[in-house]
1. Run lengths n ≥ 4 of DSSP H only: what is the helix-derived mean residue ellipticity at 222 nm for chain A, with -39500 (n - 2.57) per run over all residues, to the nearest 500?
2. Principal axis lengths of the protein assembly as shown from Cα atoms, whole Å, largest first?
3. Convert each backbone phi in region A:68-76 into a coupling constant with the Karplus relation 6.51 cos²θ - 1.76 cosθ + 1.60 (shift: θ = phi - 60°), then list the ³J(HN,Hα) values in order as whole Hz, x for Gly and Pro.
4. Students often get this wrong, so check it: of A:562/B:129; A:644/B:309; B:249/B:304, which have C-alpha atoms separated by over 20 Å?
5. Could you work out how far apart the two model spin labels at residue B:168 and residue A:113 are, taking each label as a point 7 Å from the Cα in the direction of the beta carbon, and quote it in nm?
6. Which of the peptides A:530-542, A:89-101, A:47-59, B:239-251 is most tightly packed, and how do the rest follow, judged by the mean count of other Cβ atoms within 10 Å per residue?
7. Sequence-distant or interchain residues sharing an amide H contact under 5 Å with residue B:300, placed H: which?
8. For the pair residue B:77/residue B:249, report the inter-label distance in nm, with labels modelled 7 Å from Cα in the Cβ direction.
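Every read-out reported here was derived from the displayed coordinates using simple, explicitly stated rules and does not represent laboratory data. Worth saying up front: this structure is predicted, and the values here are computed from it rather than measured. No Cβ is skipped: glycine too gets one built from the backbone with ideal geometry, and neighbour counts run over all protein chains shown.
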Amino acid sequence: MITRLEGADKVTGRARYAADVRLPGLLHAHIVRSPYPHARIRHIDASRAERLPGVHAVLSSANSPSIPWHDASSLFDRTVRYIGDEVAAVAADSDELAADAARLIDVQYEALAFDLVGEAREPKAEARGDVARGLREADVVLEATYRTQTALHNALEPHGCTALWHGDQLTVYESTQGIFAVRDEVAEKLGLAAQNVRIITEHMGGGFGAKQIAWKHTVIAALLAQRTGRPVQLALDRASENLAAGNRNATEQRLRLGAKRDGTLSAIDARIRVEAGAYSVGGEDSDVIGTYLTLYRCANVRAEQRSLRTNAGPAVAFRAPGYAEGNFALESAIDELAARLGIDALELRLRNYATRDQREDKPYTAPESLRRCITRVAAACEWRHQRPGLGFAAHDWAAGGGWPPAEAEVEFAHGAARVIVGVQDVGTGSRTALAQLAAAELGIGVERVQVELGDTQPGLYGPTSAGSATLATLGPVVQEAARLAKKSGHARAQRGENPKGKSIRTCGAQAVELAVDRDTGEVTVKRVIAAHDCGRIVNPLLQSSQVIGGITQALGYALSEKRIVDARLGDVLNANLEEYKLPTVADIPEIVNASESMPDAEANATGVKGCGEPPIIPTAAAIANAIYSATGVRIRELPITREKLIR
Amino acid sequence: MRAFEYTTPSTIQQAVSALGADSRALAGGTDLLTLMKAHIAAPERLVNVKMLLPRGIEARPEGLEIGALTTLAEIEQHPVIAAGYSALAQAAALAASPQIRNLATIGGNLLQRPRCWYYRNARIDCWLKGGADCPAREGENRNHAILGGGPCYAVHPSDLAAALLAFDAALWVHGRGGERAIELADFFALPAPERRTETVLSPDELVLKLRLPPHPEETRSGYLKAMDRKAWAFALAGVACVLRLSGRKIAHARIVLSGVAPIPWRARAAERELQGAMASPDRFAAAAAAAVQEAVPLRHNGYKLPLTKALVRQALTALTDPACK
Ligand SMILES: Cc1cc2nc3c(=O)[nH]c(=O)nc-3n(C[C@H](O)[C@H](O)[C@H](O)COP(=O)(O)OP(=O)(O)OC[C@H]3O[C@@H](n4cnc5c(N)ncnc54)[C@H](O)[C@@H]3O)c2cc1C
Ligand code: SF4
């Protein structure tokens, strides 16, 4: 068994994260954030803060360039649109001093009316066939509305960076999932050429989608470093992290499913509202409609989602954005439909799962892998219809096939290799898996391979670690470069395109066993069994880590996590780890990973697909389905807290 | 955090004279420092009492004595408490996390401030912090009080206080006027306009120790707590229960609720249902109903009524199970 190459560095504290960087003359920055959900800034007086000994610079709309930012706003916009919006920033000798100085900045606001409900904007919609007819011709129609909450990422490591200049050359140590995405965005915002910006991400304590884009803190740190001529570190605290660094959008999903007596789906109609917060910040899209269009074979589908803009923290991609939300509703509804039809819930899925990508009208590279996952989970949990407390859900995920282009360079001499790539290891173990692929190709031990990543400087492009893409993108190209280097001692390779005529997806299934105490409303999850198709499993330990991590996050999503916003104040009441209830070790049940290696030779030469996002997708629905089987109560809203179950 | 003066007095006298309206005793700091970092509390002076006050647990003929600096971990693990005061050991074990229990003292636990999320948010003004209104009353109040609410609806966060009250504990406190004893039942008092705190301790007083009166061998006790997750969460509702049986007859009963009122809440009506009665499911149901008969739920916390009732029933059932000690 090969363990993480950087594991010892991490557990001994040797590994250096963005906020561990120590440089001579380092200053610490703190951001002043709006205390109003919507306001116009009348006046900013920073003189008291500037006079404080140890304070080196204050930036705000009063003295900094107006850099265009998301939508039609700017870096320090004179209109603030949610509690937590950036107003000003201070650089000082210490973190504490910067925070104290921030409180001395006198900002006069004119409060404006705010809106936490939001107006629906233009829908994103896709349709095929004739839904009205499909519903008319159905023997059974299920109509139900499901709701999911706003969830916060809460990566162990908050967002943060350290910025320094050498002349007109900017270097940023950043906690990011996309060194090139951040390089390009930061360069654009600062009016620099991309090659004048270097982004370094040596280690990362998770991002889960919220670190795919350049947030304001990076540009603020760069501007403060420029102004003071000193390196500046800006790390968000947990409160800022939970107010202003993204979230999983809340949804309301109105569904109608039609089916024939034999279980054939004749119509899927999904109308979805998505609470997007104050800005569209970019990054991976929350594609809630996606799974409605693809998971099951159905000729008549209409799926539309409308975003609601509100005066709350902006949503951003969160591990399987859109699919975790959509799957909860669709897979709960499929269970409800199965009960109405009198068909075994698992059997109904086996009768309807899609083997073609109906959105793109192409076959999948691995059309039967979902069946294999379903049957493996069924065997591992000894599936029996209506066994009390046992619930099941299947899922698909549009990504996982990799995002070309990408490059890799391999040097091979004296039986040792150096692999250079332009991706980051966000904590998933990319370093280790890539080293294994190179080692296998070169016929050497993995300890003889050194992987250099997380730096834009070598100029080898790699994609953002999103869409479960990293290994699927880089694996084949590292393997190819290693193959060439074995002959020539030094080679570069480019990642080829994905196959044109077929779609690559990932998919899987999970079952949950739990118990419910109806007197106290308490849910106790006893076991989760999972099987996911991620192509060839390069490293079972790393793949299991993703399965365990995804399910753990999903347990919180299903049972305890929810951002609470006061409707009259527009303020988040639990932007902390005490009242935003992540699962603890005591909440995590036995997790059985029944995944098998299923090399997908049609996807790429290495046969790998991604596994970062999938494990979070089906758990919530499997839990809701298990609760139904335990109690006969159908809960259509997350999180499933006690008050929803207590008798 | 506001800058503050820090003193380490060497006698209790000195400590007491250093205390006052703008200064606070610092024990484990797990609550006080959190409040200061969040700009909810901003004392001018911290008086370090960590070397000064009694720490430790002593079983004496006149009862069990617990020094104010005794940590929750020490209470959780003490063999005499585990054997004779199970409710207290269980309450300690269910509180916070192991790391916090290693630092948190029992004195500080009784004096910790509410976890109401409006109170803990420095951007929000509220009655308990000296403001005019309580935003929780009509706001997000699923964690709030169903008993004893108004003008403040925050619940008392301590698990241990409920258990201590069920054992009829008393406190020894030291102030400018010297030492005095207070029954724990009198120590907690609903916040009122002239005193926006949960206890009657005056700012210049220190808690020295607690005493739990001795009780007969056959006493049984337990603490049940409902949380939003399996560990490391404050009580949505909790019940400490102390019982003495004579055969199947209930000779003595104390039922104290946590997580449902601004102070630990003695359910006297429930105790009356039990006192002198035969242990039976019907009796327990009657006691459970009596425990919340005066409850006035807010918009989002109605679930606390059935929850509290269920906990009372479950606690009584477990304690009167013939197989239980
Ligand atoms: C994350 C978290 C979770 C928690 N969960 C729980 C829980 O589930 N259940 C529970 O019961 N508690 C819980 N607590 C509360 C915790 O038990 C208390 O914070 C702790 O017991 C306070 O003790 P301390 O010594 O740290 O007090 P400090 O923080 O030092 O002091 C608290 C207050 O008491 C005063 N004080 C302290 N000692 C004395 C004394 N001897 N005389 C006079 N005044 C004194 C201080 O001046 C201050 O006002 C939790 C706390 C945290 C941070
Ligand atoms: S319940 Fe008490 S602490 Fe909470 S907002 Fe109301 S007055 Fe303040």
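1. Numbers: 15 runs with 168 residues, N = 647.
Counting only the DSSP helices, I get -8000 deg cm²/dmol.
2. If we take the Cα atoms of the protein assembly as shown, the spans are 87, 74, 60 Å.
3. x, 10, 4, 6, 9, 8, 9, 3, 10
4. A:562/B:129; B:249/B:304
5. Between residue B:168 and residue A:113, the label points sit 6.2 nm apart.
6. Order by mean packing, descending: A:530-542, A:89-101, B:239-251, A:47-59.
7. It is B:141, by chain and number.
8. In this crude label model, residue B:77 to residue B:249 measures out at 4.3 nm.
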